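To keep things clear, I will list the structure first and then write my remarks on it.
The values are calculated or read from the model by the stated rules, or taken from the named source; none is laboratory data. If you're wondering where the values come from, they're calculated on a predicted model, not measured in any experiment. Neighbour counts are summed over all protein chains in view; Cβ atoms, including those assigned to glycine, are modelled from backbone coordinates with ideal geometry. Areas reflect the complete protein model, heavy atoms only, side chains present, ligands, DNA and RNA absent. Shrake-Rupley method; radii C 1.70, N 1.55, O 1.52, S 1.80 Å.
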Amino acid sequence: MHESWKPFLQSEFTKPYFKELSEFLHQEYEKKTIFPPKQLVFSAFTTDLAEVKVVIIGQDPYHTPGAAEGLAFSVPNSQPIPPSLINIYKEIDSDIGQHANPRGSLRAWQKQGVLLLNTVLTVEAHRPKSHSGKGWEIFTTATIEYLNRERPHLVFILWGRDARNKKSLIDASKHLVLESAHPSPLSAYAGFFGSKPFSKCNEFLQAHDMEPIIW
């Protein structure tokens, strides 16, 4: 984790809810197959807080072996590109032209200041949403509130119901909030396709004298 996050994270780690969550996770990792690997759970927080420009909020990690790497929607380049990310790439192509990433890793976005944050940061193998309601939602709510308070002119991109439930935490007079259906094949045609989040994001960044994201 980047040192810029230490004050926030240390504060959260000492709270009762997080201690309960930590105990739950200790038991889960001991007895079951949990994704992502322990050392990757907080991968989103390797982004320097001072460099965050865009926050993409998803649901929970991929629940198939080798796919989750601690960044929302991202998979290692050795893995097949998941259907949700295929649809994200399709929307980029439709919105602003050819997407820049040849494979499934979104670390190039992260290096440009995109925080790829799921609302729940762990999951049991082959059991989507299995770690919902265990405390992660409290943690990610606190993260979004912290970003809302500490950083100016962010773009928050909320995909899916779980992410959109965080909208009330964001000051829309200060930040740009873009929301739509989830890019999953089950919902992409219900408002994700055609939402043009990538061009809208870059227009906002440029209007506030920031470099656009190379999507």
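General observations
- Taken over segment 61-92, the criterion of being open to solvent by 30 Å² or more (accessible area, probe 1.4 Å) and outside any helix (DSSP H, G or I) is satisfied by Tyr62, His63, Thr64, Pro65, Gly66, Pro76, Asn77, Ser78, Gln79, Pro80, Ile81.
- Flag for Asp95 being under 23 Å from Ile34 (Cα atoms) and open to solvent by 10 Å² or more (accessible area, probe 1.4 Å): no
- Selection count, segment 50-76, where residues are touching a Gly at 6+ places or on another chain (Cβ under 6 Å) and polar (S, T, N, Q): 1
- Residue check for Val41: at pLDDT 95 or above, surrounded by 18 or more Cβ atoms within 10 Å (Cβ to Cβ) and in contact with a helix residue (DSSP H, G or I) (Cβ under 7 Å, 6 or more places away or on another chain): no
- Residue in segment 155-172 that is more than 30 Å from Phe24 (Cα to Cα) and either touching a Ser or Thr at 6+ places or on another chain (Cβ under 6 Å) or not β-branched (Val, Ile, Thr) (or both) present: yes
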